[in-house]
Every structure is written in C-alpha cells, then in structure tokens.
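Engineer: Let me give you the structure first, and then I'll get to my questions.
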Amino acid sequence: MAIPVVDPARYDQQLEAKRERITRDFARFSPPMLEVFPSPPSHFRQRCEFRLWHEGDDLFYAMFEIQGSEVDPEDPKRKTVVRLDDYPVAGRQINDLMPRLLDALRDNDLLRRRLFQVEFLTTLSGEALVTLIYHRRLDEAWEAEARALQQALGIMVIGRARKQRLVLTRDHVWERLAVDGDELVYQQVENSFTQPNAEICRAMLAWARDVTRDSQDGDLVELYCGNGNFTVALAGNFRRVLATEISRTSVASARVNLAANGIANTEVGRMSAEEFSQALKGEKGGRRVAEMALDDYAFSTVLVDPPRAGLDEESCRQLSEYARIVYISCNPETLADNLEVLTRSHEIRRFALFDQFPWTHHCECGVLLERRG
C-alpha cells in the first residue's frame, strides 16, 4: 500500500475529486444531489498500528510500501520499509504518545526484546490503549515493567504473544460522541472493529438519524450491527429495534453499549444476515430464532452496513422487501453493483459521501432508498 501524504492545503482539492468521481459513477441511478461530509484534513484516525523496527540500538515505527501494482503484496522482495517519526494521519493523542512510548521502550531491554508491533486505540474523550505484540512469551517480569510504563505514560497496556493476551487494566476504551445534542457512549474493544475516523463517525450517525426521523410507528432491523454504532444512535427514532451480528465479541459489546446509553427498546441477536433472512421466511428455527420473537415486530426500515464485498444478489432481493432501506457502504464499487438490484423496486431519496479515509481513494457512502409507489 502507499503511505498517505497529508497536505492540508490540498484537502479541498482531493475531496472535490472524490465528489466528482462518486457523482459520475452513480449518475445512472439519478440520485438527488450528493451530500458531502468532509473530514478533518489531518490527525483524524483514532486507531493505528505500526511495525516496530530494530536497527542496532535504534528503534522506530515503520510501515511498508508495496512496489509495483501487479505483484503479490505478501512478497517481501516488493516491500520497502518506511520509517515514521510521526504520522499526521493519526490523531494528535497518538502522535503525542509515539515518541514518548519509543523513548520508554528504547532503554528498557525487557520491554523491547522481540517486540515487533504496536497498536494504538484512542478516543476523542482522551483515553488511550496501547497493545504491544511480541515474538516471545510474556512473564511476570514483563508485566511489572509494563505496569510501570502504564503509570509513566498515563495509558492502558495489553501484551500479546502467540496464544497469550495479558490485559493490565481493561481491554477497551470508552468513547463519547456528541450527536445532535446527545452524548452517545461506546465501549470500543481492543482488536475489534471500530470506526477509525471519529469525526466522520459523528457525521454518519447524525445523517442516519436525520434520514430516519419520525419513524416511531414502525420498527428497525439492522444487519451487521457491529458494536452497536448505529444501533445506539437510531434506537430513539423507532418503536423497537432488532439488530443482528455474527461476531460474539461485537454482540457482547453492542449489548454493553445499549445498557450504557439506557436504551430499552432494542434487542441484539447473534445471527448472520443470511440466517436472519431464513428466519424471517420461516426456513430457520431454533432457540435463537425463538428468542427474537419475530412476529412481534412490524419492520418498516432496514439498515445494512456490510463489509467491503457488499451484498450478494439474493441478499439485495431480501432487502427489497422493506419499505425503506438505509445502506451504509465502505466500498462505492460494490454499492453501485447492489444498487443495480435495489433500484428496480426502490428510489434513492438521499445520497451522502463521508470522507472517512482522506488522502486515499477510499470513501464511505450513505444511501436512503424508499419503495416506489
């Protein structure tokens, strides 16, 4: 991959290029005017990971650049090590911690020995969790030094090695996001997916709230709910919410986040999108399906936030059964493919671009579709 080159003076130019590309690529669907949500031009990522490079007594953060576009990205001969003394893509808290952590590690033989990767997870509200990953087993002596490191830097530390995970304080941070005058609280667990750009996450939550406003006479079903990022923000817009997710860790975190925000009208079920569709059609039974009590719901809206691969055609046809669809996409190419199916029955009412990943070609999109007629 290419290391992003951050140039705040050129931010509007790179955002305009994305706006033009998305407008052009989706013109065949005749969407309304694209709503564009800019990111902070620098220091926007709340989580990052770096390799830790050892050269004699020196120690530095590194990333790899892949040479050539048509090569195996895992071929070590094609990788160039790039030294990073700072990283303007990362939040200011991470940039502040990077040199302080290196200074502490460089002079500590026990903490630096066979350490090969460092991961940072931070929040707008000021918490920082640092994971140190090793090619050796960690012992009590390591733990004593790591606890001193926590105290010195004002952070939380997790140590990882093969078949080993030592959590010294806790395995998560608490993020607090101001959205439409409300403070939403989220547990974000180490080594689990969270939205990397917190300011864009706030914009996405506010947009999703706006497009589903005044929906209390119906129910929401959410697929791929993750840790409840959208679930928490949207629950107040609906009579009831049923969210589904396949990851055990994410389901547990979503339930914690619902409780932390005092939300009582929402249930989270551990089930894949495909299994849920089968359950709705009466093709799947069992304890988890029975606990969902699907007959008690009157679903008016479905929210889907799939992985980069998007949805298969069968899943798109199942979405088409809902009167209203909110589709959050991290891959405009697969979104366009899915809209070829969804717009046979639904019309695009709102269309948004969220610049989740400045200085790359990637961006996030939001689409509201309503059934024709």
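Engineer: Checking a compactness column here: for the stretch 47-173, what do you get for Rg(Cα) / (2.2 N^0.38 Å), N being the number of residues? Before the final figure, lay out the partial values.
Structural biologist: On the way: Rg = 15.1 Å, N = 127, 2.2 N^0.38 = 13.9 Å.
Here the Cα radius of gyration is 1.09 times the empirical estimate.
Engineer: Let me ask another. Using Cα pairs closer than 8 Å and at least 6 residues apart in sequence, work out the relative contact order for the stretch 47-173, in percent. Write out the running numbers ahead of the final one.
Structural biologist: On the way: 200 pairs, mean separation 26.0, N = 127.
About 20 percent, as a whole number.
Engineer: Going by alpha carbons, how many degrees (0 to 90, nearest 10) lie between the helix axis of 248-260 and the longest principal axis of the chain?
Structural biologist: 80
Engineer: Under 11 Å from the 7 Å Cα→Cβ point of ALA2, by amide nitrogen: which residues of the stretch 47-67?
Structural biologist: none
Engineer: Starting from the Cα of ARG170, move 7 Å in the Cα-to-Cβ direction to define the label point; list residues of the stretch 119-150 whose amide nitrogen is under 16 Å from there.
Structural biologist: Within reach of a label on ARG170, which here means backbone N under 16 Å from a point 7 Å along Cα→Cβ, the stretch 119-150 contributes 121-130.
Engineer: Applying a 10 Å radius around every beta-carbon, put 325-332, 156-163 in order of their mean neighbour count, most first. Display every interim value, and only then the final one.
Structural biologist: On the way: 325-332: 21.6, 156-163: 16.9.
Final packing ranking: 325-332, 156-163.
Engineer: With θ set to phi - 60° and the Karplus curve 6.51 cos²θ - 1.76 cosθ + 1.60, what are the ³J(HN,Hα) couplings of the stretch 291-300 in order, to the nearest whole Hz, using x for Gly and Pro?
Structural biologist: Those phi angles translate into 5, 6, 6, 4, 5, 7, 9, 10, 6, 9 Hz.
Engineer: Ok, one more. Apply the Karplus parameterisation 6.51 cos²θ - 1.76 cosθ + 1.60, with θ equal to phi minus 60°, to every residue of the stretch 356-373 and state each ³J(HN,Hα) to the nearest whole Hz, in sequence, with x for glycine and proline.
Structural biologist: Couplings: 5, 10, x, 6, 10, 7, 6, 7, 9, 10, x, 10, 9, 10, 10, 4, 5, x Hz.
Engineer: Can you list residues from other chains, or at least 5 along the same chain, whose modelled amide H is less than 5 Å from the amide H of ARG136?
Structural biologist: For ARG136, the qualifying residues are ARG162.
Engineer: Moving on. If N is the number of residues in the chain, what value comes out of its Cα radius of gyration divided by 2.2 N^0.38 Å?
Structural biologist: On the way: Rg = 22.3 Å, N = 373, 2.2 N^0.38 = 20.9 Å.
Computed over Cα atoms of the chain, the ratio equals 1.07.
Engineer: Which residues does the label zone of ALA104 cover in the stretch 117-140, counting backbone N under 18 Å from a point 7 Å along Cα→Cβ?
Structural biologist: Flagged as within label range: 117-123, 126-134, 139-140.
Engineer: Still on this structure, please answer the following. Between ILE246 and PHE29, what is the label-to-label distance in nm when each label sits 7 Å out along the Cα-to-Cβ direction?
Structural biologist: Spacing of the two 7 Å Cα→Cβ label points: 2.3 nm.
Engineer: At a Förster radius of 30 Å, what calculated FRET efficiency corresponds to the Cβ-Cβ distance of GLU20 and ARG83, to the nearest 0.05? Mind showing how you got there, number by number?
Structural biologist: Numbers: r = 35 Å, r/R0 = 1.16.
The value I calculate is 0.30.
Engineer: For a distance above 18 Å, tell me the whole-number percent of Cα pairs in the stretch 11-60 that qualify.
Structural biologist: Details: 711 of 1225 pairs.
Summing the P(r) of the stretch 11-60 above 18 Å gives 58 percent of all pairs.
Engineer: Another question, then. Which of these, GLU140, GLU20, GLU190, has the largest mean-square fluctuation under a Gaussian network model of the chain (Cα springs below 10 Å)?
Structural biologist: The residue with the greatest mean-square fluctuation here is GLU140.
Engineer: While we're on this one: Suppose R0 equals 56 Å. What FRET efficiency, 1/(1 + (r/R0)^6) with r the Cβ-Cβ distance, do GLU321 and ALA9 give to the nearest 0.05? Walk me through the numbers before you get to the answer.
Structural biologist: On the way: r = 48 Å, r/R0 = 0.86.
In this case the efficiency is close to 0.70.
Engineer: Note down the nm distance, to one decimal, between modelled labels 7 Å out along Cα→Cβ at ASP58 and at ARG287.
Structural biologist: The answer from the label model is 5.8 nm.
Engineer: Just to confirm the number: angle between the C-alpha axis of helix 11-25 and the first principal axis of the chain, 0 to 90 degrees, nearest 10?
Structural biologist: Approximately 40 degrees, to the nearest ten.
Engineer: Indicate the gyration tensor shape class of the stretch 248-332 (rounded, prolate or oblate), computed on the Cα atoms with a ≥ b ≥ c the square roots of the eigenvalues: a/c under 1.5 is rounded; otherwise a/b larger than b/c is prolate and the rest oblate.
Structural biologist: Numbers: a/c = 1.56, a/b = 1.16, b/c = 1.35.
It comes out oblate by the Cα gyration axes.
Engineer: Just order 293-303, 126-136 by mean Cβ neighbour count inside 10 Å, highest at the front, would you?
Structural biologist: Values: 293-303: 15.7, 126-136: 18.5.
Ranked from most to least packed, the peptides come out as 126-136, 293-303.
Engineer: On a 0 to 90° scale, report how tilted helix 332-342 is relative to the longest principal axis of the chain, with both axes built from alpha carbons and the result rounded to the nearest 10.
Structural biologist: 20
Engineer: Further question: Could the peptides 170-182, 341-353 be put in order, highest first, of the mean number of other beta-carbon atoms found within 10 Å of their residues?
Structural biologist: Working: 170-182: 16.1, 341-353: 18.3.
Those peptides, ordered most packed to least, come out 341-353, 170-182.
Engineer: Taking the Cβ of TYR297 as the centre, find all other residues whose Cβ is under 10 Å away and add up their charges (Lys, Arg: +1; Asp, Glu: -1). Walk me through the numbers on the way to the answer.
Structural biologist: Values: positive: ARG239, ARG240; negative: ASP219, GLU267, ASP295, ASP296.
Taking every Cβ under 10 Å from that of TYR297, the sum is -2.
Engineer: Within 14 Å, Cβ to Cβ, of ARG371, how many net charges do the neighbouring residues add up to if Lys/Arg are +1 and Asp/Glu are -1?
Structural biologist: Once positives and negatives cancel, what remains is +2.
Engineer: Now, a different point. Sorted from largest to smallest, which semi-axis lengths in Å does the alpha carbon gyration tensor of the stretch 138-238 give for its equivalent ellipsoid, taking the root of 5 times each eigenvalue? Could the numbers behind the result be given before it?
Structural biologist: Numbers: eigenvalues 276, 43, 18 Å².
In descending order the semi-axes read 37, 15, 10 Å.
Engineer: Compute the relative contact order of the chain as a whole-number percentage, counting only Cα pairs closer than 8 Å that sit 6 or more residues apart in sequence. Provide the component values of the computation, followed by the final result.
Structural biologist: Values: 710 pairs, mean separation 57.4, N = 373.
Relative contact order of the chain: 15 percent.
Engineer: While we're on this one: For the stretch 308-373, what relative contact order do you get, as a whole percent, if you take Cα pairs closer than 8 Å and at least 6 residues apart? All intermediate terms of the calculation are to be shown ahead of the outcome.
Structural biologist: Working: 109 pairs, mean separation 25.8, N = 66.
Dividing the mean separation by the residue count of the stretch 308-373 yields 39 percent.
Laboratory data are not the source of any read-out in this text; all were calculated from the coordinates shown. Computed from a prediction, not measured in an experiment: that's the story for all the values here. Cβ coordinates were reconstructed from backbone atoms using ideal geometry, including for glycine residues, and neighbour counts include every protein chain displayed.
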